[in-house]
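Read the figures in this text as sums done on the coordinates, not as results from a lab. Keep in mind that this is a model prediction, so the values were computed, not measured. Here the Cβ positions follow ideal geometry from the backbone for every residue, glycine too, while neighbour counts run over all protein chains shown.
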């Protein structure tokens with residue numbers, strides 16, 4: 001009993017100063033995502049009753065201005081950079097091929113998982129949980145494919 005009280009008080013004491021900014025992001029497909037990482041176009045969500053942000057003591061961040069590299073800054077030749085870019089492209093192409101295979105397998109698993117088992121109903125909690133997990137897995141693989149495609153597009 002005494003250990004339980006101590007554990008409860010310690011947990012509350014550690015959780016009290018925790019805070020994060022929450023952002024709401026709606027992608028091009030209309031899917032709403034809540035996250036603690038800012039994305040372009042995201043809206044900050046103000047939670048009622050949430051503690052206000054603690055002052056950091058830092059001055060507001062300013063945008064970096066362009067400054068040329070120092071003369072002694074290490075440089076690489078165009079051929080070396082091209083080889084690095086080619087290697088990165090190959091790694092990304094291998095990754096995207098694997099993610100596409102994983103997404104296809106997740107689609108197959110979802111199709112199988114959406115089938116009702118004998119005696120199971122579409123309103124059963126186990127069915128809903130199983131299908132939601134399979135959908136989340138498929139969505140994660142599709143997001144990975146999109147992210148890798150974006151990386152490939154950024155390569156020269």
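Observations on the structure shown:
- Gain upon complete extension [residue 24, residue 39; 0.36 nm per residue less C-alpha separation]: 4.5 nm
- Gain upon complete extension [residue 104, residue 151; 0.36 nm per residue less C-alpha separation]: 14.8 nm
- Those residues of segment 118-150 whose amide nitrogen sits under 13 Å from the label point placed on residue 31, 7 Å along Cα→Cβ: 133-147
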